[in-house]
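For reference, the structure discussed in these notes is given below.
What follows draws every value from the coordinates through simple rules; no lab data is involved. All values derive from a computational prediction rather than experimental measurement. Neighbour counts are summed over all protein chains in view; Cβ atoms, including those assigned to glycine, are modelled from backbone coordinates with ideal geometry.
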Amino acid sequence: GVCGCGTPDVDSDSDGVLDCEDGCPNDPDKIEPGACGCGTPETDSDGDGIPDCIDCSEPDDPNDGIHAYPCEYTSIQAAIDAAAPGDVVLIAAGTHPLDATIDTNGRNITIRGELDVDGNPGTILDGQGSQVIHCQAGAPGTTFEYLAIENGYDAIGGGMNLEAGSNITMNQCAIRNNSTPSYGLGGGFAAAGNSTATLVQCVIEDNDGSYAGGFYTSGTVNLQDCIIRNNTAGFGGGCYNDGTVSLSGTTMCGNTPDNFAGPGTINDLGDNCLVESCDDSDGDGTYDCNDGCPDDPNKIEPGICGCGVADDDSDGDGTIDCLESNCPSDVDGSGTVDVIDLLAVISAWGPCDDTPCDSDVDGSGSVDVIDLLAIISAWGDCPRG
């Protein structure tokens with residue numbers, strides 16, 4: 001199907017775009033998050049080119065369920081504190097130095113940043129040497145979207161600390177350049193027992209900790225289409241696992257001294273790549289372990305023609321060049337010059353009229369003995385490509 005093996009061709013929001021190709025699979029009005037994110041329209045009431053959700057010139061509607069910083073609140077924490085269950089806290093793009101750790105208070109809200117032009121988190125929460133986010137217990141918990149969590153420092157979760165019983169989801173976020181002291185747990189984040197963290201299309205990189213550079217867990221962590229790379233620790237460069245970690249479509253590489261340590265359970269749900277080095281031999285931006293053509297910078301899957309050969313159709317006839325028969329004597333296009341082609345030449349003997357004249361092998365305008373000899377000399381299977 002369209003989505004490939006192992007992924008159903010499902011259109012959850014019935015917008016005509018399959019989930020695997022839909023940036024907002026549960027929003028029938030959007031297929032990309034845009035500035036406002038899935039579930040929030042890109043309405044621009046005053047026509048100034050800035051969507052209402054991030055337009056500080058728009059008057060605040062206290063009942064719209066959207067709490068924008070810095071438009072409507074003097075701090076991110078104030079916006080969170082004002083949010084009711086189901087509300088959205090919008091944080092504008094840019095770097096936001098924090099004077100204190102953000103506390104979600106276990107609220108069932110979405111804290112959403114913005115993506116930059118390359119589709120990476122464009123809203124940066126800078127801990128300035130203190131823990132960036134603290135998540136208290138709460139169900140169903142807090143969702144984080146399009147945020148980069150950076151420069152945090154704490155003994156339990158340099159970037160984030162998930163208390164026991166907390167429940168979070170992170171979509172398209174980055175956790176990087178966070179650290180712990182020499183006795184700490186989880187440079188990027190730490191998830192305590194009975195906590196659950198689900199990360200989708202997130203990057204955890206360049207974090208440092210004593211136990212766990214990327215993350216520590218004694219709870220449950222689910223990783224979907226994530227990258228955990230270049231983290232460093234005394235034990236568990238990528239992760240120190242005292243709980244349960246489930247991975248699908250996730251790459252772990254370049255973590256020192258290892259990707260995993262600890263006695264916890266690892267559930268490999270498929271399409272993962274856990275390797276020592278983040279090699280990209282052909283420099284195409286796809287790691288070798290995920291690249292079906294690691295020495296071809298133009299392909300990551302062999303396709304029809306295989307690695308090193310482009311799947312081009314130069315003449316636009318619907319047949320890929322590598323499958324084109326390089327064999328004019330193959331009159332019937334079967335891939336073999338045989339008696340069928342010989343009989344075709346004999347039956348078309350004489351001058352060609354204005355109709356296509358495939359039996360005129362040499363293109364002289366007439367089917368004659370030269371074409372007959374060409375059939376005989378090319379007898380057998382045709383070369384390809």
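Toward the positive end of the charge dipole of region 93-212, with +1 on the Cβ of Lys and Arg and -1 on the Cβ of Asp and Glu, the farthest Cα among Ile102, Ala190, Pro140 is that of Pro140.
Could you list the chymotrypsin sites (Phe, Trp or Tyr not before Pro) in region 183-286 that lie in coil according to DSSP, counting only those with at most 16 other Cβ atoms within 10 Å of their Cβ? Of the chymotrypsin sites (Phe, Trp or Tyr not before Pro), the ones in loops of region 183-286 whose Cβ has at most 16 other Cβ atoms within 10 Å are Tyr183.
Label separation (Asn26 vs Ala82): 2.6 nm, computed from points 7 Å beyond Cα along the C-beta direction. Electrostatic bookkeeping for Gly184 treats Lys and Arg as +1 and Asp and Glu as -1; over the other residues with beta carbon under 13 Å from its beta carbon, the sum is -2. Computed from the C-alpha gyration tensor, the three semi-axes of the ellipsoid equivalent to region 189-243 are 16, 15, 7 Å, from longest to shortest. Select from Ala374, Ser281, Gly234 the residue farthest towards the positive end of the dipole of the chain; place +1 on Cβ of Lys and Arg, -1 on Cβ of Asp and Glu, and compute about the Cα centre. Towards the positive end, the residue furthest out is Gly234.
All other residues whose Cβ lies under 9 angstrom from that of Gly159 are scored, Lys and Arg at +1 and Asp and Glu at -1, for a net of -1.
One equal scatterer on each Cα of region 244-341, no solvent, Debye formula: the resulting log10 I(q)/I(0) at q = 0.11, 0.18, 0.20 Å⁻¹ is -0.56, -0.91, -1.01. Calculate log10 I(q)/I(0) of the chain for q = 0.13 Å⁻¹, where I(q) comes from the Debye formula with a single equal point scatterer on each Cα and nothing for solvent. The computed values of log10 I(q)/I(0) come out as -1.05.
As a length-normalised measure over Cα pairs under 8 Å and 6 or more apart, the relative contact order of the chain settles at 6 percent. Loop-located chymotrypsin sites (Phe, Trp or Tyr not before Pro) in region 283-385 (DSSP state other than H, G, I, E, B) with a sparse environment of at most 15 neighbouring Cβ atoms within 10 Å: Trp349, Trp379.
Once the other residues with Cβ under 9 Å from the Cβ of Pro28 are scored (Lys, Arg +1; Asp, Glu -1), what is the net sum? Around Pro28, the surrounding residues sum to -3. Using the alpha carbons alone, the radius of gyration of region 328-385 stands to its Kirkwood radius in an Rg to Rh ratio of 0.94.
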